[in-house]
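Q: For reference, the structure I am asking about is given below.
The values are calculated or read from the model by the stated rules, or taken from the named source; none is laboratory data. If you're wondering where the values come from, they're calculated on a predicted model, not measured in any experiment. Positions of Cβ are backbone-derived with ideal geometry, glycine not excepted, and every protein chain shown enters the neighbour counts.
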């Protein structure tokens, strides 16, 4: 039983460490592909003190995240942004590591 509890705790700690800072649900205002990245403008601003973020297309999952952003933008869906663990909040142009799409 102790092994199961210890394993569960270690797994939860590992998953929590992978999560970056997230904001609330926002609307996508614009997407602008430009030289290996995509600028994502949202409203309202709040997360990281900015309304403009970037998706780095060369990063693992970057192209998939861009595809998800295009889908959400086209469908008018709300999204929630997750900031990169590697960079954290850097103000304007903060790098994203994922985004969630909501109904």
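A quick yes/no check of all residues on (1) surrounded by 12 or more Cβ atoms within 10 Å (Cβ to Cβ); (2) at pLDDT 90 or above; (3) within 17 Å of residue 74 (Cβ to Cβ); (4) more than 19 Å from the chain's Cα centre (by Cα):
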{"position": "4", "(1), (2), (3), (4)": "no, no, no, yes"}
{"position": "10", "(1), (2), (3), (4)": "no, no, no, yes"}
{"position": "26", "(1), (2), (3), (4)": "yes, yes, yes, no"}
{"position": "29", "(1), (2), (3), (4)": "yes, yes, yes, no"}
{"position": "33", "(1), (2), (3), (4)": "yes, yes, yes, no"}
{"position": "37", "(1), (2), (3), (4)": "yes, yes, no, no"}
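Q: Which of (1) assigned to a loop (DSSP other than H, G, I, E, B); (2) more than 15 Å from residue 33 (Cα to Cα); (3) modelled with pLDDT of 95 or more is the odd one out, the single condition residue 72 does not satisfy?
A: Status for residue 72: all satisfied but (1).
Q: Checking the structure you have, find out if any residue of segment 48-67 is without any contact (Cβ under 8 Å) to a residue 24 or more places away in the chain, in contact with a strand residue (DSSP E or B) (Cβ under 6 Å, 6 or more places away or on another chain) and either closer than 19 Å to residue 24 by Cβ or crowded, with 20+ Cβ neighbours inside 10 Å (or both).
A: Looking through segment 48-67, at least one residue is without any contact (Cβ under 8 Å) to a residue 24 or more places away in the chain, in contact with a strand residue (DSSP E or B) (Cβ under 6 Å, 6 or more places away or on another chain) and either closer than 19 Å to residue 24 by Cβ or crowded, with 20+ Cβ neighbours inside 10 Å (or both).
Q: Across segment 75-90, which residue is nearest to residue 60 (Cα to Cα) among those that are assigned to a loop (DSSP other than H, G, I, E, B) and in contact with a strand residue (DSSP E or B) (Cβ under 6 Å, 6 or more places away or on another chain)? First the steps, then the outcome.
A: If we filter segment 75-90 for residues that are assigned to a loop (DSSP other than H, G, I, E, B), which is where we start, we get 76-78, 84-90.
With the extra rule that they be in contact with a strand residue (DSSP E or B) (Cβ under 6 Å, 6 or more places away or on another chain), the set shrinks to 77, 84, 87, 89.
Details: 77: 24, 84: 12, 87: 15, 89: 19 Å.
For segment 75-90, the residue satisfying everything is 84.
Q: Say we look at segment 77-88 and pick out the residues that are loosely packed, with under 15 Cβ neighbours inside 10 Å and touching a residue at least 24 places away in the same chain (Cβ under 8 Å); which of these is farthest from residue 20 (Cα to Cα)?
A: This residue is 88.
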